[in-house]
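As structure tokens, the structure follows; a few thoughts come after it.
The values are calculated or read from the model by the stated rules, or taken from the named source; none is laboratory data. This one's a predicted model, so the numbers in the text were calculated from it and none came from an experiment. As a convention, Cβ positions derive from the backbone with ideal geometry for all residues, glycine included, and neighbour counts pool all protein chains shown.
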Amino acid sequence: MRLKIPIETSARHIHVSQKDFEILFGSEAKLTYTKELSQPGQYACQQRLTVAGPKGRFEHVVILGPFRPDTQVEVSVTDARKLGIPSVIRQSGDIEGTPGCTLIGSCGKIELKQGVIVAKRHIHMAPIDALRAHVKDGDIVFVITTSYERSLIFSDVVVRVSPSFRLAMHVDTDEANAFANENNPTGVILKLFDGHTYSLQTWAEELQSGINR
Ligand SMILES: [Zn+2]
């Protein structure tokens with residue numbers, strides 16, 4: 001029996017450092033919990049921010065708690081285009097050399113030097129799920145989605161394993177729209193190439209040059 005993975009859509013959101021939060025909302029402000037998220041300990045906050053780039057802006061962008069060491073803005077490729085910021089695909093936390101933006105809160109404003117990313121699609125899983133799916137932390141896998149008339153195989157999906165994770169694949173709004181995301185979509189890991197890390201790009205190049213595996 002294959003591991004059925006719930007697929008959740010992450011809309012644009014912001015993780016903030018405490019230092020930046022105090023500039024944006026005042027030194028007395030506290031992160032205000034409004035809603036629990038699927039990953040244990042993560043929550044949506046009441047506070048909202050305006051994210052501005054050279055070409056456009058988004059207002060009322062949700063902040064997710066708790067605080068992180070560095071402020072990070074997660075957007076889709078479509079969002080990045082509207083902001084006028086290059087789309088840089090990264091794993092959460094890996095923000096060195098990424099574009100910045102302007103963040104505007106109720107109390108202050110920050111010119112963020114770096115930290116705007118398009119999150120690399122990923123699966124959160126607990127160690128027991130990794131055992132069942134025969135994968136380990138850092139593996140890159142393919143996931144085939146359930147969908148009506150528009151099923152899709154995602155490549156370059158990173159597996160992230162931690163005892164604090166609950167099984168879920170996270171995609172952004174562009175990716176969810178691409179497979180016509182219905183209620184409670186799920187996906188299954190495809191073990192192509194004997195489960196070795198293998199990029200779709202390499203596969204495509206091989207197929208085009210006549211190599212079939
Ligand atoms: Zn995630």
In the stretch 110-121, the residues that are touching a residue at least 40 places away in the same chain (Cβ under 8 Å) and either surrounded by fewer than 19 Cβ atoms within 10 Å (Cβ to Cβ) or outside any strand (DSSP E or B) (or both)
Gly115, Arg121
Within the stretch 122-144, how many residues are part of a loop (DSSP other than H, G, I, E, B), among the acidic types (Asp, Glu) and in contact (Cβ under 8 Å) with a residue 40 or more places away in the chain?
1
Hits in the stretch 106-130 (condition: under 21 Å from Leu83 (Cα atoms), within 15 Å of the ligand (Cβ to nearest atom) and of a type in the set (Gly, Ala, Ser)):
Ala119
Conditions (1) surrounded by fewer than 14 Cβ atoms within 10 Å (Cβ to Cβ); (2) at pLDDT 95 or above; (3) within 16 Å of the ligand (Cβ to nearest atom): number failed by Gly138:
(2)
Can you list the strands (runs of 3 or more DSSP E) found entirely within the stretch 1-46 that contain at least 1 residues being of a type in the set (Gly, Ala, Ser)?
5-10
Yes/no for Gly187 being assigned by TED's automatic domain parsing to the domain that holds Thr78 and surrounded by 15 or more Cβ atoms within 10 Å (Cβ to Cβ)
no
Of the conditions (1) within 14 Å of the ligand (Cβ to nearest atom); (2) part of a loop (DSSP other than H, G, I, E, B), Arg213 fails just one. Which one is it?
(1)
Of the residues in the stretch 68-89 that are more than 16 Å from the ligand (Cβ to nearest atom), assigned to a loop (DSSP other than H, G, I, E, B) and hydrophobic (A, V, I, L, M, F, W, C), the one that is nearest to Phe25 (Cα to Cα) is Ile85
Here is a list: Glu149, Glu96. Which entry is over 19 Å from His13 (Cβ atoms), modelled with pLDDT of 95 or more and either among the basic types (Lys, Arg) or more than 16 Å from the ligand (Cβ to nearest atom) (or both)?
Glu96
With Ser92, Ser147 as the choices, which residue is assigned to a loop (DSSP other than H, G, I, E, B) and not assigned by TED's automatic domain parsing to the domain that holds Ser27?
Ser147
Residues in the stretch 166-188 that are closer than 13 Å to Arg121 by Cα, hydrophobic (A, V, I, L, M, F, W, C) and part of a strand (DSSP E or B) total 3
Return the pair list, or none, for Cβ contacts closer than 6 Å from residues in the stretch 29-41 that are farther than 11 Å from Ala168 by Cβ to residues that are more than 16 Å from the ligand (Cβ to nearest atom), at least 6 apart or on different chains.
Leu31/Cys45; Thr32/Cys45; Thr32/Gln46; Thr34/Gln46
When residues of the stretch 2-28 are limited to those that are touching a residue at least 60 places away in the same chain (Cβ under 8 Å) and of a type in the set (A, V, I, L, M), the one farthest from the ligand (Cβ to nearest atom)
Ile23
